[in-house]
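Participant: Input: one structure, supplied below.
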Amino acid sequence: MAAGTVAVIDYGMGNLRSVWQALVKVSEGREVVVTADPAVVAAAERVVFPGQGAMPDCMRELEARGLRPAVIEAARSKPFLGICIGLQMLFEHSEEGHVDGLGVFAGHVRRFPADRMTGPGGERLKVPHMGWNEVLQAKPHPLWQGIDDGARFYFVHSYYVDPVDRGGLAGQTDYGIPF
């Protein structure tokens, strides 16, 4: 494997093709590989953990493919990007299916609380949250290079991460509650 490789973890779920295409476009000449091989994940310089789907199914597939140890080690030791449920799986526990995550970060994945789903004008907010939101940068981070503070990102989710250590947050938005 070439130095500078970016590994995109394939655990049988997720938006692999679109993530792979986006990374190839911005990878500055790095090789981008989609892999289910723990050894390839371990050898990669950088790792991307994409995802979509339900937490219990994602955790089951990650375990079945023997990727758990490689993902935990990569998240702790190298540049690592968790996208959607790929981020959520890094936390200790999820309300979705009441399943344990990987425990890389202390905290929980919570469902948007129905009683707090009210917009600034008093309108009822729908769950799942689907739409564009401004993201405020909490602190400088390489992730923000070339992205303006307050840039809009598209969200499709019913759950959000609630970390114990809020000092690690790179950005935040609001949908009835800040997250």
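The values are calculated or read from the model by the stated rules, or taken from the named source; none is laboratory data. For clarity, every value in this text was computed on a predicted model and none was experimentally measured. No Cβ is skipped: glycine too gets one built from the backbone with ideal geometry, and neighbour counts run over all protein chains shown. Accessible surface areas use protein heavy atoms only, side chains included; no ligands, DNA or RNA. Shrake-Rupley method; radii C 1.70, N 1.55, O 1.52, S 1.80 Å.
Participant: Per DSSP H run of n ≥ 4, the term is -39500 (n - 2.57); total these for the chain, divide by its residue number, and report the mean residue ellipticity at 222 nm rounded to 500 deg cm²/dmol.
Facilitator: -6000 deg cm²/dmol
Participant: With a 1.4 Å probe and every protein chain kept in, tell me what percent of the accessible surface of the chain is carbon plus sulfur. List each step's numbers first, then the result.
Facilitator: Details: 5240 of 9740 Å².
Here carbon and sulfur together make up 54 percent of the probe-accessible area.
Participant: Something else now. Give the shape of the range 39-95 as rounded, prolate or oblate, defined through the alpha-carbon gyration tensor: a ≥ b ≥ c are the square roots of its eigenvalues, a/c under 1.5 means rounded, and otherwise the shape is prolate if a/b is larger than b/c and oblate if not.
Facilitator: prolate
Participant: Same structure, new question: If I model the range 1-71 as equal point scatterers sitting on the Cα atoms and use the Debye formula, what is log10 I(q)/I(0) at q = 0.15, 0.27 Å⁻¹?
Facilitator: Once normalised to I(0) and log-transformed, intensities are -0.45, -1.22.
Participant: For Lys78 and Phe153, FRET efficiency with R0 = 25 Å and r from the beta-carbon atoms, rounded to 0.05?
Facilitator: E(calc), rounded to 0.05, equals 0.55.
Participant: Please give, to one decimal in nm, the separation of the simple spin-label points placed at Ala170 and Arg60, each 7 Å out from Cα toward the Cβ.
Facilitator: Calculated label separation equals 3.1 nm.
Participant: Please list 3J(HN,Hα) in residue order for the range 8-15, calculated via the Karplus relation 6.51 cos²θ - 1.76 cosθ + 1.60 where θ = phi - 60°; whole Hz, with x for glycine and proline.
Facilitator: Taking θ as phi minus 60°, the curve returns 9, 6, 9, 10, x, 9, x, 9 Hz for the range 8-15.
Participant: What aspartates and glutamates could a cross-link reach from Lys126, if we take a straight Cα to Cα line under 19 Å and drop same-chain neighbours fewer than 8 places away?
Facilitator: Within reach: Glu95, Glu96, Asp115, Glu134, Asp174.
Participant: Filter the GluC sites (Glu not before Pro) in the range 71-179 down to the DSSP loop ones having no more than 13 other Cβ atoms within 10 Å, then list what survives. Write down the numbers at each step before the final one.
Facilitator: Working: sites: Glu73, Glu92, Glu95, Glu96, Glu123, Glu134; in loops: Glu95, Glu96, Glu123.
Filter output for the range 71-179: Glu123.
Participant: For Gln21 and Glu95 in one chain, what is 0.36 nm times their gap in residues minus the Cα-Cα distance, to one decimal in nm?
Facilitator: Length gained between Gln21 and Glu95: 23.5 nm.
Participant: Okay, next question. In Å, the Kirkwood hydrodynamic radius of the range 1-138 over pairs of distinct alpha carbons?
Facilitator: 16.2
Participant: Once you have a ≥ b ≥ c as the square roots of the Cα gyration tensor eigenvalues for the range 59-179, tell me rounded if a/c is under 1.5, and otherwise prolate or oblate according to whether a/b is larger than b/c.
Facilitator: oblate
Participant: With only Lys, Arg, Asp and Glu charged, each at its Cβ (+1 for the first two, -1 for the last two), find how big the charge dipole of the chain is about the Cα centre; round to the nearest 20 debye.
Facilitator: 160
Participant: Considering Cα pairs under 8 angstrom that are at least six residues apart, work out the relative contact order of the chain and quote it in whole percent. List each step's numbers first, then the result.
Facilitator: On the way: 330 pairs, mean separation 30.2, N = 179.
For the chain, the relative contact order is 17 percent.
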